[in-house]
Amino acid sequence: MDVEPGVLFKFVLVLKGDPRGIQRLPDSFAEYVAGNDRPRTMHLREASCGCRWIVDVIYDARGKMYLNIGWEKFARYHSLEAGFILLFSYLGDRDMSVKVFDETRCRRDYHGTGSGTMECCFSRIRAVLPRKNQQGHRHRWIFQFG
């Protein structure tokens with residue numbers, strides 16, 4: 001069994017439709033936190049970044065739980081798209097860690113800027129296509145990070 005210290009509850013959310021729209025959380029999670037006076041906000045942190053996003057939580061008449069105001073900003077900032085898979089780990093006290101996997105099922109790597117701000121940035125690797133120099137020789141592939 002995969003046990004992580006401090007993790008009280010885990011679930012997976014597959015983004016369908018508009019990933020920036022309201023997102024319903026699993027009923028079992030809603031029931032789990034309902035015993036702790038239904039939270040009105042959640043604090044989301046992308047697991048490798050540490051940036052904190054406060055997201056409002058709403059409930060419908062049947063007790064279904066949704067991420068609402070603040071979610072769009074989180075989704076846009078992390079460039080979430082339909083088909084992405086999010087692994088949520090509930091740490092208690094409204095804190096949730098989120099790991100993002102893209103449509104290829106590879107984990108997206110986010111990290112802080114190191115400037116002490118709450119900004120995150122997506123670590124990208126970009127391949128520069130080989131081209132001929134002035135002497136007609138081909139350059140080797142160059143990979144750029146950042």
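Search the range 78-96 for residues that are within 18 Å of residue 35 (Cα to Cα) and pair each with any residue that is open to solvent by 40 Å² or more (accessible area, probe 1.4 Å) and small (Gly, Ala, Ser) when their beta-carbon atoms are under 8 Å apart and the residues are at least 6 apart or on different chains.
89/47; 91/6; 92/6
Quick check, is residue 17 part of a loop (DSSP other than H, G, I, E, B) and either touching a helix residue (DSSP H, G or I) at 6+ places or on another chain (Cβ under 6 Å) or within 19 Å of residue 99 (Cβ to Cβ) (or both)?
Against the criterion (part of a loop (DSSP other than H, G, I, E, B) and either touching a helix residue (DSSP H, G or I) at 6+ places or on another chain (Cβ under 6 Å) or within 19 Å of residue 99 (Cβ to Cβ) (or both)), residue 17 does not qualify.
Going by what's in this entry, would residue 70 be described as open to solvent by 40 Å² or more (accessible area, probe 1.4 Å) and over 17 Å from residue 101 (Cα atoms)?
no
Based on what the data block shows, is residue 37 free of Cβ contacts under 8 Å to residues at least 24 places away in the same chain, surrounded by 11 or more Cβ atoms within 10 Å (Cβ to Cβ) and not small (Gly, Ala, Ser)?
Against the criterion (free of Cβ contacts under 8 Å to residues at least 24 places away in the same chain, surrounded by 11 or more Cβ atoms within 10 Å (Cβ to Cβ) and not small (Gly, Ala, Ser)), residue 37 does not qualify.
Looking for whichever is in a loop (DSSP other than H, G, I, E, B) and at pLDDT below 90 here; the options are 62, 38. Which one fits?
Unique residue meeting the criteria: 38.
Would you call residue 62 free of Cβ contacts under 8 Å to residues at least 60 places away in the same chain and over 24 Å from residue 109 (Cβ atoms)?
Criteria met by residue 62.
Identify, by number, the condition in (1) out of contact with any strand residue (DSSP E or B) (no Cβ under 8 Å at 6 or more places or on another chain); (2) open to solvent by less than 10 Å² (accessible area, probe 1.4 Å) that residue 76 doesn't meet.
(2) is the only condition that residue 76 fails.
With the requirement that a residue be open to solvent by less than 40 Å² (accessible area, probe 1.4 Å) and either among the charged types (D, E, K, R) or free of Cβ contacts under 8 Å to residues at least 12 places away in the same chain (or both), what does the range 40-59 give you?
Once the filter is applied, which keeps residues that are open to solvent by less than 40 Å² (accessible area, probe 1.4 Å) and either among the charged types (D, E, K, R) or free of Cβ contacts under 8 Å to residues at least 12 places away in the same chain (or both), the range 40-59 yields only 46.
If I ask for residues that are assigned to a loop (DSSP other than H, G, I, E, B) and open to solvent by 60 Å² or more (accessible area, probe 1.4 Å), which ones from the range 22-34 would you list?
22
Quick one: how many residues across the range 79-111 are open to solvent by 10 Å² or more (accessible area, probe 1.4 Å), assigned to a loop (DSSP other than H, G, I, E, B) and not aliphatic (A, V, I, L, M)?
Of the residues in the range 79-111, 12 are open to solvent by 10 Å² or more (accessible area, probe 1.4 Å), assigned to a loop (DSSP other than H, G, I, E, B) and not aliphatic (A, V, I, L, M).
The values are calculated or read from the model by the stated rules, or taken from the named source; none is laboratory data. Predicted model only: the values in this text are computed from it and were never measured. No Cβ is skipped: glycine too gets one built from the backbone with ideal geometry, and neighbour counts run over all protein chains shown. These area figures cover heavy atoms from the full protein model, side chains too; ligands, DNA and RNA do not enter into them. Shrake-Rupley method; radii C 1.70, N 1.55, O 1.52, S 1.80 Å.
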